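Asks: Take a look at the following structure, please.
The values are calculated or read from the model by the stated rules, or taken from the named source; none is laboratory data. Please read these numbers as outputs of a predicted model, since none were measured by experiment. Reconstructed Cβ throughout: ideal geometry from the backbone, glycine too, with neighbour counts over all protein chains shown.
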Amino acid sequence: MTLELRRTDGRPLVIGHRGASAREPENTVQAFRAAIAAGVDLVEFDVAPGLRVTHDPVPAADAPMLDEVLDLLAGAGVGAHVDLKQPGFELEAVEAIERHGLAERALVSTAFAASARRVRELRPQLPVAIGYPRDRYRISRFAWPKPLTTAGAACLRGVMPARVPLLLRSSRATVLALHHTLCSRAAVSAAHRRGAPVLGWTANDAGTVERLLEAGVDAIVSDDPQVVVAALATLPAA
């Protein structure tokens, strides 16, 4: 079945972030199996140079290989959301996707516009997401004071509808992956007007899931997809 990212009706897609990384170590086979068991539509994972599945620039010796993860997902009938952590190995990544028969059930994402453009050149038919903002140092995991984060997010959220066209145009991306604090009806509509579905990341509680649903996102990325599946089941709009 061909991957349909745009939410035309019903619930958004559910994507396990680095697997079910709230329940098992991120980017591990255990996390991916837990995400599959939770009922995700796609599993997201990081890919570093050398095609190791890891967020870290220097992969651990036991980091899974991309082929191993793609084989697992293909066998489970689950889509693959392949997040390229650095530019430079786009061809190897898309060839691996095709080698496992996942070309029609895969999404490639990156925070680098040049990398997104390269994937689009190589495989124009493959959905490519540009991620924003770039979480190079995992700042999303820091416990910043709430007033600071609330004010900063509100300011950036206000300008996102104008920024969306620039992000999509400069990267040639066909999908927008946006941090949940920056998702709004206006930003999602700006992407939709350009034919780009929106993925909201990373939502780990029912309140955030409901807000993303109301904003009109097409997919919800979560460290704990089981929470998202359960929350969507209780919402009238789902």
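Asks: Taking the residues in segment 197-215 that are out of contact with any strand residue (DSSP E or B) (no Cβ under 7 Å at 6 or more places or on another chain) and not small (Gly, Ala, Ser) as candidates, determine which candidate is farthest from Arg185 (Cα to Cα).
Replies: Only one residue fits best here, namely Asp205.
Asks: Could you give every pair whose Cβ atoms fall below 6 Å, whose first residue belongs to segment 1-29 and is in contact (Cβ under 8 Å) with a residue 24 or more places away in the chain, and whose second residue is assigned to a loop (DSSP other than H, G, I, E, B) and of a type in the set (A, V, I, L, M, F, W, C), counting only separations of at least 6 or pairs across chains?
Replies: So the pair list comes out as Arg11/Ala238; Pro12/Val217; Val14/Val40; Gly16/Val40; Asn27/Val53.
Asks: Also, quick follow-up: Return only the number of the condition from (1) under 28 Å from Gln86 (Cβ atoms); (2) out of contact with any strand residue (DSSP E or B) (no Cβ under 9 Å at 6 or more places or on another chain); (3) modelled with pLDDT of 80 or more that Leu167 does not satisfy.
Replies: (2)
Asks: Could I ask something else about it? Within segment 135-151, identify whether any single residue is closer than 22 Å to Phe32 by Cβ, at pLDDT 95 or above and not in a loop (DSSP other than H, G, I, E, B), and answer yes or no.
Replies: Taking every residue of segment 135-151 in turn, none turns out to be closer than 22 Å to Phe32 by Cβ, at pLDDT 95 or above and not in a loop (DSSP other than H, G, I, E, B).
Asks: So which residues in segment 19-53 are among the small types (Gly, Ala, Ser) and surrounded by 20 or more Cβ atoms within 10 Å (Cβ to Cβ)?
Replies: The answer is Gly19, Ala20, Ser21, Ala31, Ala34, Ala35, Ala38, Ala48.
Asks: Applying the selection to segment 95-118, what residues are more than 15 Å from the chain's Cα centre (by Cα) and within 22 Å of Thr202 (Cβ to Cβ)?
Replies: Within segment 95-118, Ala113, Ser115 meet the criteria.
Asks: Wholly within segment 162-238, which strands (runs of 3 or more DSSP E) include no fewer than the required count, namely at least 1 residues that are of a type in the set (Phe, Trp, Tyr)?
Replies: 198-201
Asks: Only one of (1) over 28 Å from Ala37 (Cα atoms); (2) within 15 Å of the chain's Cα centre (by Cα) is not met by Leu84, so which one is it?
Replies: Only one criterion in (1) over 28 Å from Ala37 (Cα atoms); (2) within 15 Å of the chain's Cα centre (by Cα) is unmet by Leu84, namely (1).
Asks: Quickly run through segment 49-62 and pick out the residues that are assigned to a loop (DSSP other than H, G, I, E, B) and under 20 Å from the mean Cα position of the chain (by Cα).
Replies: If the condition is that a residue be assigned to a loop (DSSP other than H, G, I, E, B) and under 20 Å from the mean Cα position of the chain (by Cα), then Pro49, Leu51, Val53, Thr54, His55, Asp56, Pro57 are the ones that fit.
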